[in-house]
1. With Cβ to Cβ distances under 13 Å as the rule, what net charge do the other residues near Ala140 carry (K, R +1; D, E -1)?
2. Quick one: in the chain, what % of C-alpha pairs are over 28 Å apart?
3. Compactness ratio of the stretch 94-221: Cα Rg over 2.2 N^0.38 Å, N = residue count?
4. Which of Ile87, Ile34, Ile163 moves the most in a Gaussian network model of the chain with Cα springs under 10 Å?
5. Any idea what the relative contact order of the stretch 86-221 is, in percent, if you count C-alpha pairs under 8 Å spaced at least 6 apart?
6. Taking every DSSP beta bridge that has both residues in the chain, what percent is antiparallel when rounded to the nearest 5?
7. Report the far tail of the P(r) of the stretch 145-201, meaning the percent of Cα-Cα pairs longer than 18 Å.
8. GNM on the chain, C-alpha springs below 10 Å: top fluctuator among Arg93, Arg133, Arg194?
Amino acid sequence: MSDETRRVIFLGPPGAGKGTQAARLASHYGIPRISTGDILREAIARGTALGRQAEPWMEQGGLVPDELLIGIIRERLLQPDCDPGYILDGFPRTIVQAEGFESMVGSGRASDLVVLSVQVPHDELLKRLSGRRWCPSCQATYHIDNSRPRVDAQCDRDGTPLIQREDDKEAAVARRLTEYEKQTAPLIDYYRQRARFRAIDGDRSVETVFQDVQQAVEGEA
Ligand code: AMP
């Protein structure tokens, strides 16, 4: 591990495993993982003004308005724990957000910014999302087939009963995948031209994908 700054953006549809890989990478480098989904879910749980604004969009699987997200990220990146770098998980999700980010931190091309696009076939995404279970208190995620909790339907960390996220239900999942194609997939071309960009095959074991992720981050520019 070196002491250079690392800034990584994870792109990819819901269910691609961005959260899992981002968390591993963040703990590997000792830098924060910034998940806008987690920030919004926490705001909803705490009943803040941000939570009240975001909730109707999130429940239906839509995207929360750009200006709210840009504001969240602007504030978060000012925290000193971001000085050595950070991993963005779930932001940017639109071209407007990417432009907002660029105007905050400068262009990625000449810098350390690495953009990873995690790709997984549509059928596999549906399987992953419909089987996903979630701990509303610590935000840990499980899967009914391949990542079960030790005690049925209870979080391993704090014993909270696991639930299915509202936006992992069928209608919301369909909308999230459509939103991804329409709004987020265009970021692939956007970043191909503006940063170090790598496509990652996410349809393999967590460990194998992580090896690729690490290599992509540390590889030659
Ligand atoms: P995630 O946990 O990343 O799948 O995000 C869950 C939900 O939070 C999304 O379906 C959106 O409703 C909302 N969300 C998270 N990040 C963003 C973003 N960058 N832009 C707009 N909405 C977002």
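The values are calculated or read from the model by the stated rules, or taken from the named source; none is laboratory data. Since the structure is predicted, the reported quantities are computational estimates derived from the model, not experimental observations. Here Cβ is always computed from backbone atoms with ideal geometry, including for glycine, and neighbour counts include all displayed protein chains. Protein only, heavy atoms only, side chains kept; ligands, DNA and RNA dropped before computing areas. Shrake-Rupley method; radii C 1.70, N 1.55, O 1.52, S 1.80 Å.
1. +4
2. Working: 6364 of 24310 pairs.
When every Cα pair of the chain is considered, 26 percent fall beyond 28 Å.
3. It is 1.25.
4. Top of the fluctuation ranking is Ile163.
5. Values: 134 pairs, mean separation 48.7, N = 136.
Result for the stretch 86-221 is 36 percent.
6. 25
7. The answer is 61 percent, as a whole percent.
8. Highest fluctuation among the options: Arg194.
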